[in-house]
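Encoded as structure tokens, the structure appears first; notes follow it.
No value in this document is a laboratory result; all are computed from the given coordinates. The model shown is predicted, which means the values in this text are computed figures rather than measured ones. Counting neighbours? That spans all protein chains shown, and the Cβs are built from the backbone with ideal geometry, glycine included.
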Amino acid sequence: MSNVRVRSYGPHDIPAILALEHACAEAPQWGESFWRRAFPGDAALRGVFVAEIDEQVRGYSVVAIAADIGELQSVVVSHSARRAGVGMALCLRAMEWARRSGAKSVELEVRESNAAALGLYRQLGFAEQGRRRKYYRNPEEDAVLMAAKL
């Protein structure tokens, strides 16, 4: 993880984030208008981070706070940077931001077939809390609901 740099995102990151949305089928397709509204000054209860390797954006994460619960809404890593510590670095930064923002726990949902993500989340202390049947489309499958105490 030493060559991965995680920082808060800014407007200059939008083109790289949109490219990740298009390149990674599992990424949410939020689009440009979402990212323009997601600047830290505009959303005090949302943390948005980008991970860089060699000064190129290789991933991003989004975490939101509701009451004392953080919701890890998205973690996206480029195909070329997987297994390089990018996902771990993004999750750790998002979880720390959530803790500092008053969250006592963080929750997320992940496709049941995403073994790599499930392994990462378990390594970070997340445990399965339940399932949402047929939550995802293309292909249709369950979402695994996970949570970790901070």
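Worth pointing out:
- A convex hull fitted to the Cα coordinates of the chain yields 109 cubic angstrom per residue.
- Placing +1 on the Cβ of every Lys and Arg and -1 on the Cβ of every Asp and Glu, with nothing else charged, gives the range 4-149 a dipole about its Cα centre of roughly 300 debye.
- Trp30 paired with Ala67, simple spin-label distance in nm, labels 7 Å along Cα-to-beta-carbon: 2.3
- Here the simple spin-label model places points 7 Å from the Cα toward Cβ, and for Arg82 and Arg100 these points are separated by 3.0 nm.
- Summary: within the chain, the longest segment free of GluC sites (Glu not before Pro) located in DSSP loops with at most 10 other C-beta atoms within 10 Å is 56-139.
- Those residues of the range 55-88 whose amide nitrogen sits under 18 Å from the label point placed on Ala23, 7 Å along Cα→Cβ: 55-62, 75-88
- Estimated vicinal HN-Hα couplings, Hz - the range 115-128 in sequence order (Karplus 6.51, -1.76, 1.60; Gly, Pro = x): 4, 5, 5, 4, x, 4, 5, 5, 4, 7, x, 6, 10, 5
- If R0 is taken as 41 Å, the Cβ-Cβ distance between Asn114 and Gln56 corresponds to a FRET efficiency of 0.95.
- Within the range 18-108, the trypsin sites (Lys or Arg not before Pro) that combine a DSSP coil assignment with at most 14 other C-beta atoms in a 10 angstrom radius are Arg82, Arg83, Lys104.
- Listed residue (Ile17, Gly59, Ala103) projecting farthest to the positive dipole end of the range 4-149, Cβ model: Ala103
- Shown here: the range 87-142, whose C-alpha atoms stretch 36, 20, 18 Å along the first, second and third principal axes, sorted largest to smallest.
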